[in-house]
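Written below as structure tokens is the structure these notes are about.
The values are calculated or read from the model by the stated rules, or taken from the named source; none is laboratory data. Quantities reported herein were computed from a predicted structural model and do not represent experimental measurements. Virtual Cβ from ideal backbone geometry, glycine too; neighbours counted across all protein chains shown. We work out accessible area using only protein heavy atoms, side chains counted, and drop any ligands, DNA or RNA first. Shrake-Rupley method; radii C 1.70, N 1.55, O 1.52, S 1.80 Å.
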Amino acid sequence: MRKYLNIGVLLSVLWLSACQQRVWQPEVQLSESDLPVNKTITVNAVAETTIAPYREQVTAKMSEVIGTAPAELQKDDYQSPLGNFVVDLQREQSQPLYGAPIDLSLTTNGGLRVPVPQGKVNVGTIFELMPFENELVVLTLDGNMVKELFDFAASTKIAPIANATYTVKNGKATDILIGGQPLNLQRNYTLVTSDYLAGGGDNMSLLKKALKTEKVGLMMRDAILQHIRQLTAQGKLITADTTTRVTVIP
């Protein structure tokens, strides 16, 4: 009886399905045109009226001056004023939120899109410097992972690191000091970086092996904005620690 009943239900469902009208699905059609996007295009008055108030608000926010840089901060191989400035502030801004000292801080040159210009620095400049919606995370790495990280930095030249010094010899990192102490392969270290790099971005798949990943609760861009605002409130300029962190032996 149960068998007959199931077959009957199945046939009913199939019959009803066959009788249902086909649901309309929009079809996307794309085509190319040679319409130039320039001042010859007539302004759409309705669109302009709608957008104008938002444009004014965004322009006002992006134009806010938050600090002054006595010299341009640029990025370069291994270490640079811009790279050092960002990794140092990442560590400084994250530690109070993390609630404990953080051993290292890391970013990559690819994530720093423009220099910090000499002179007045506004919010818009920081959005250009850091246009990505990345947040800061603290990774726990064992000593061997940290050694692998420094070897990566030594060979690629793209990864500024805070609170450490090392020597590059034959493409490998040697004489690694963290907080002034030699790298100890037997202990674990904490590292603050972006969730993008923690996920293996910029070929940093080694970070995916982290023993622990903890969110700081702060976006990278917000950390930069907050740090510059704090400098300005303290009467300080936007400058970077440019003491030698990486020594390269030809």
Quiz item: If we scan the range 69-78, do we find a residue that is at pLDDT below 95, farther than 30 Å from GLY217 by Cα and assigned to a loop (DSSP other than H, G, I, E, B)?
Solution: no
Quiz item: Going by the structure shown, is ILE126 β-branched (Val, Ile, Thr) and not in a strand (DSSP E or B)?
Solution: yes
Self-check item: Which numbered condition LYS120 fails, given (1) open to solvent by less than 40 Å² (accessible area, probe 1.4 Å); (2) assigned to a strand (DSSP E or B); (3) of a type outside the set (Val, Ile, Thr)
Solution: (1)
Quiz item: For the range 138-250, list the helices (runs of 4 or more DSSP H) that sit wholly inside it and hold at least 1 residues that are open to solvent by less than 30 Å² (accessible area, probe 1.4 Å) and acidic (Asp, Glu); which are they?
Solution: 143-156
Self-check item: Verdict on LYS61 being of a type outside the set (A, V, I, L, M, F, W, C), in a strand (DSSP E or B) and open to solvent by 50 Å² or more (accessible area, probe 1.4 Å)
Solution: no
Quiz item: How many residues, within the range 86-117, are part of a helix (DSSP H, G or I) and farther than 27 Å from ALA60 by Cα?
Solution: 11
Exercise. Please work out if LEU97 is at pLDDT 95 or above and buried (at least 22 other Cβ atoms within 10 Å of the Cβ).
Key: no
Quiz item: Among LYS120, LYS147, LYS75, which is the only one that is touching a Gly at 6+ places or on another chain (Cβ under 6 Å) and not β-branched (Val, Ile, Thr)?
Solution: LYS75
Quiz item: Any chance the range 168-186 includes a residue that's at negative phi and within 19 Å of the chain's Cα centre (by Cα)?
Solution: no
